[in-house]
Amino acid sequence: MTRLARQINEHFTRARPLLAAKNSLSRNGLEKCCSVWCAASLSKPVFAWIVFALTEKGVIDIDKSLHEAGFKYARISNASYFEKLTPKLILMHRSGLPNWAGDPRDHDRTDNIEFIHTPGSFHSYSGEAYLLLQKFIELKTDMSLQSLFEIHLKDEMPNSAFKLPKVTQRAFSKGKRSF
């Protein structure tokens, strides 16, 4: 295990008591331990951990461009910038891509994604870049992100998933904006 992977693992180990807390405050008292919480921001470090695990196993090289690895993505038209794009740049939020091109709720969108910066030159979050990296990882492993999560982290995070669980509406937490 690399030093970075150990640090990420130690972070999750220290955070586990907080994540596994049986009760949390809500407007009406305490939520049950089986409440479903939407935690999109937590998905980013978990996804990064999966990418690093695949790097350690030699499945991917985070310093090799997606283009060099044989990955093609029709929505990107600037080939010279795409040739510079690596998994590491994406994880560092230095892809040069916009947050979203088109409506991010439309999973079948075909809008061109135009670079707004040269890859590596500017720090800017990009949901498009993370989605692009997810598609790359799924293609390289021939597995869905959910399957990769189950293989690498399900034991550490047994009540977490990258897809919505089949639960009743009552199980969903209302969040602070609904108070």
Inset, instruction - Determine the alpha carbon to alpha carbon distance for each of 57/154; 44/163; 84/163 and list only those over 24 Å. - result: 84/163
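For region 60-148, which GluC sites (Glu not before Pro) pass both filters: DSSP loop (anything but H, G, I, E, B) and at most 16 other C-beta atoms within 10 Å?
Working: sites: 68, 83, 114, 128, 138; in loops: 68, 83, 114.
Of the GluC sites (Glu not before Pro), the ones in loops of region 60-148 whose Cβ has at most 16 other Cβ atoms within 10 Å are 68, 83, 114.
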Inset, instruction - Return the whole-Å distance between the Cα centroid of region 136-150 and the Cα centroid of region 74-108. - result: 19 Å
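Can you pull out the trypsin sites (Lys or Arg not before Pro) in region 59-148 whose DSSP state is coil and whose Cβ has at most 14 other Cβ atoms within 10 Å?
Numbers: sites: 64, 72, 75, 84, 88, 94, 105, 109, 135, 140; in loops: 64, 72, 75, 84, 94, 105, 109.
In loop regions of region 59-148 (DSSP not H, G, I, E or B), the sparsely surrounded trypsin sites (Lys or Arg not before Pro) are 64, 72, 105, 109.
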Inset, instruction - Scan around residue 113 for amide H atoms under 5 Å from its own, H built in the peptide plane at 1.01 Å from N, and keep only partners 5 or more places away or cross-chain. - result: 76, 77
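Throughout, read-outs are computed from the coordinates displayed, never taken from laboratory work. As the structure is a prediction and not an experimental result, all values here were calculated from the model. Neighbour counts run over all protein chains shown; Cβ positions are idealised from the backbone, glycine included.
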